[in-house]
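Asker: Below is the structure I would like to discuss, written out as structure tokens.
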Amino acid sequence: MISETRIMLEFADDPAQKTLETYRKNGGYQALEKALKEMKPGEVTEEVLKSGLRGRGGAGFPCGRKWQFVPKTDKPKYLAINADESEPGTCKDRQIMELDPHQLIEGALLTCYAIGAETAYIYVRGEYPHSIGALENAIEEARAAGIVGKKILGTKFRCDVWVHSGAGAYICGEETALLTSLEGNRGYPRLRPPFPAVEGLWGCPTVINNVETIACVTHIIKRGGDWFAGLGCEGSTGTRLFCVSGHVQKPGVYEFECGKFTLRELLEDFCGGTLSGRPIKGVMPGGSSMPVLLPEELDCQFDIDSVAKTGSSLGSGAIMVFDDSVSILDAALNVAEFYSHESCGQCTPCREGSDWVRKILKKFKDGNGTQRDWDVLWSVTDNMDGTTICALAEALVWPTQSYLKKYEAEFKAAMKSEAGATA
Amino acid sequence: MSAKAAREGKFSKELHATIEDLMTRYPQKKAALIPAMHLIQKEREGWFSRETIRDTAELFAVSDAHVQGVVGFYDMFHADPVGRHVVRLCKTLSCMLRGADALKDHICEKYDVEPGGTTDDGTFTFKRFECLGHCTTAPMMLVDEEKYEELTPSKIDAVLGGLS
Ligand SMILES: Cc1cc2nc3c(=O)[nH]c(=O)nc-3n(C[C@H](O)[C@H](O)[C@H](O)COP(=O)(O)O)c2cc1C
Ligand code: SF4
Ligand code: FES
């Protein structure tokens, strides 16, 4: 039987955990004290490397390795925490920010100490006023207590933490778009290299990490990299927050050690199966940008590398489930509408392609799709893959092609028989 | 703030002070633009008129076109007048699976408003929004800054019916 291992959510049920007093009573800011007084910055990074922590924003990049890309330079360095949380299905970072915000602030300070930064910005999507409020209150309390600002905990370390609100644009979760947006512009992604760790905010080295990644850092420094590495499984150490939504009995945000259960066990045993009792038709295992899994593909262990072997991805930890009452034409169109609305428009294949895909899928939904449309869907999506500045284009291509491939019969059955041109 | 002050291109003293303070958080004050624009929009009846765009641009020493571009890029900024409240109903997959489209129809019929439109009496502007990050308690909507989850038609009526 699967059960939760709560580390980030250990105290989430206590409404007082938001306050500095309770956070400290529960062991908060001990990690910071230990790091500032007993560890060199490099030792903090070493501990994170040892923990095996991989980024929780979707790509799973090793966290400590990213920090090591920051060059030795006299330029200021920055930490930008990605709290844009806009991948459909994902609502986990919000739990950290609203229920236990100090662990994020503590992680931010530890990360800044490790990389030599004196300023952290937490970029929170504008549609999260509650998260913004909770963080601002927590930062204010920490500042008043000498934990944020100058001479932190009586040491020479100084560091500011600021909340920065976005204004409703999914693309700003892409790390380079986040930077251009934070600088006061439309959120256009930039070509890499240069990578942000070398040239980020205002041309200075900038580390970008997801909220959950930074929250993990707090627990790693508090209890040790070896302890963290002993949780979960190889390649997916520690615990992770998963958001289960859609047609399940028990949707919710849960914290698990990876690699200890299969997706089927999670959905059928832990989440009580489908709401209607009808069979599962498909599962998006890592947000809407990842390929769908069929009911017969749910027996994989649920960790980054095992899910990758199915051809899909654990992505942002958002599991979206639909039962067999759902038309795949509706689901595919909904996903395409999202990405075409959110395309920033800089790259022609993404701007035009996403719009084209959306229009053709609408035709299919209306019963007007043709063989020609089917072929165009494949060629347009093929042409979007790998030809753009950022990965938003792929975020539409991957799920869409997976629907076409795995539910081909349903598309074909909805097709009009006579040949017709499109668009 | 009074209409006269708005015409003269001045923000309220309090807002001015808050924005000045925001600017100190960044090495370049332009970075405070988007956080400041939320506050500006609130003070200027919920949207960016040509005048408000000009005043904002002046305060930040950027071009009007830059501010206009930012207004157009971000879904939370409005280029046209809005009602006294803004209702944002999520339309994305998890909410769709939990019946968000029927809720949209309910709102449209009962309050005689189309997505993107405003009720005749100006009470609220109705928007369909992409994923609002409350997918495990879908379907959901934001009314101004308040959130409402696990929506049903009667829950929606209790909220929207109480707006003034
Ligand atoms: C289109 C797009 C949207 C993204 N949205 C988010 C997001 O909302 N939150 C997030 O943490 N990462 C998001 N990412 C991933 C970030 O680019 C980046 O990899 C991540 O923030 C790095 O943090 P991590 O290494 O701690 O995971 C997105 C990526 C793409 C391509
Ligand atoms: S791929 Fe799409 S979202 Fe990304 S930069 Fe190009 S147009 Fe913008
Ligand atoms: S899909 Fe509606 S809140 Fe995420």
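Here, each number is a calculation from the coordinates, and none is a lab measurement. Remember, predicted model here, so these are calculated numbers, not experimental data. Backbone-built Cβ (ideal geometry, glycine too); neighbour counts: all protein chains shown.
Asker: Using the 10 angstrom Cβ neighbour count as an exposure proxy, how do A:258, A:347, A:91, B:108 rank, fewest first? Don't skip to the end; give the middle numbers.
Answerer: Values: A:258 25, A:347 18, A:91 28, B:108 14.
By the 10 Å Cβ count, ascending, the order reads B:108, A:347, A:258, A:91.
Asker: Could you work out how far the C-alpha centroid of region A:1-58 sits from that of region B:120-164, in angstrom?
Answerer: Here the answer is 35 Å between Cα centres.
Asker: Which lysines does residue A:281 reach when only Cα atoms under 16 Å apart count, and residues fewer than 8 places away in its own chain are ignored?
Answerer: Cα-Cα hits under 16 Å: A:405, A:406.
Asker: Ok, one more. Take peptide B:18-31, look around each residue's Cβ out to 10 angstrom, count Cβ atoms belonging to other protein chains, and average those counts. Kindly include the intermediate steps, with their values, before the conclusion.
Answerer: Values: counts 0, 0, 0, 0, 2, 0, 1, 6, 9, 7, 4, 1, 3, 10.
Counting Cβ atoms of other protein chains within 10 Å of each residue's Cβ and averaging gives 3.
Asker: Shifting gears a bit: Where the centroid of each part is defined by its Cα atoms, how far is region A:348-373 from region A:224-248 in Å?
Answerer: 38
Asker: Cut-off under 19 Å on the C-alpha distance; same-chain residues fewer than 8 positions from residue B:110 excluded. Which lysines are left, in chain and number order?
Answerer: B:91, B:127, B:155
Asker: Which of the listed residues, A:69, A:384, B:57, is farthest toward the dipole's positive end in the protein assembly as shown, when Lys, Arg count +1 and Asp, Glu count -1 at the beta-carbon?
Answerer: A:69
Asker: Next up: What is the order of B:94, A:313, fewest Cβ neighbours within 10 Å to most? Could the numbers behind the result be given before it?
Answerer: Working: B:94 33, A:313 19.
Fewest-to-most Cβ neighbours within 10 Å comes out as A:313, B:94.
Asker: Another question, then. Would you list A:98, A:234 from fewest to most Cβ contacts within 10 Å? Provide the component values of the computation, followed by the final result.
Answerer: On the way: A:98 17, A:234 11.
By the 10 Å Cβ count, ascending: A:234, A:98.
Asker: Once each part is reduced to its C-alpha centroid, what is the distance from region B:51-92 to region A:113-184 in angstrom?
Answerer: Cα centroid to Cα centroid, the span is 23 Å.
Asker: Do any of A:309/B:147; A:34/A:66; A:92/A:156; A:365/B:104 go past 27 Å between their Cα atoms, and which? Intermediate results must be reported in sequence, preceding the final value.
Answerer: Details: A:309/B:147 38 Å; A:34/A:66 23 Å; A:92/A:156 34 Å; A:365/B:104 19 Å.
Correct reply: A:309/B:147; A:92/A:156.
Asker: Charges only on Cβ, +1 for Lys and Arg, -1 for Asp and Glu: so what's the dipole of chain A about the Cα centre, in debye to the nearest 20?
Answerer: On the way: 46 positive and 57 negative charges, 192 e Å.
Computed charge dipole of chain A: roughly 920 debye.
Asker: Which shape class applies to region A:94-220: rounded if a/c is under 1.5, otherwise prolate when a/b exceeds b/c and oblate if not, where a ≥ b ≥ c are the square roots of the Cα gyration tensor eigenvalues?
Answerer: Numbers: a/c = 1.91, a/b = 1.30, b/c = 1.47.
Oblate is the answer for region A:94-220, as a/c is 1.5 or above yet b/c matches or exceeds a/b.
Asker: Another question, then. Step through the residues of region A:333-341 one at a time and calculate ³J(HN,Hα) from phi using the Karplus curve (6.51 cos²θ - 1.76 cosθ + 1.60, θ = phi - 60°), rounding each to whole Hz and writing x for Gly and Pro.
Answerer: Couplings: 5, 4, 5, 5, 4, 4, 5, 6, 5 Hz.
Asker: Still on this structure: What shape does chain A take by its C-alpha gyration tensor, where a ≥ b ≥ c are the square roots of the eigenvalues and a/c under 1.5 counts as rounded, a/b above b/c as prolate, and the rest as oblate? Please report the intermediate quantities before stating the final value.
Answerer: Working: a/c = 2.25, a/b = 1.59, b/c = 1.41.
Here chain A falls in the prolate category.
Asker: Going by amide H atoms built from the backbone, whose H comes under 5 Å of the H on residue A:122, apart from near neighbours?
Answerer: It is A:81, A:162, A:163, A:164, by chain and number.
Asker: 5 Å is the cut-off here: which amide hydrogens, built 1.01 Å from N in the peptide plane, fall below it relative to residue A:231, excluding neighbours closer than 5 in sequence?
Answerer: HN-HN under 5 Å from residue A:231: A:238.
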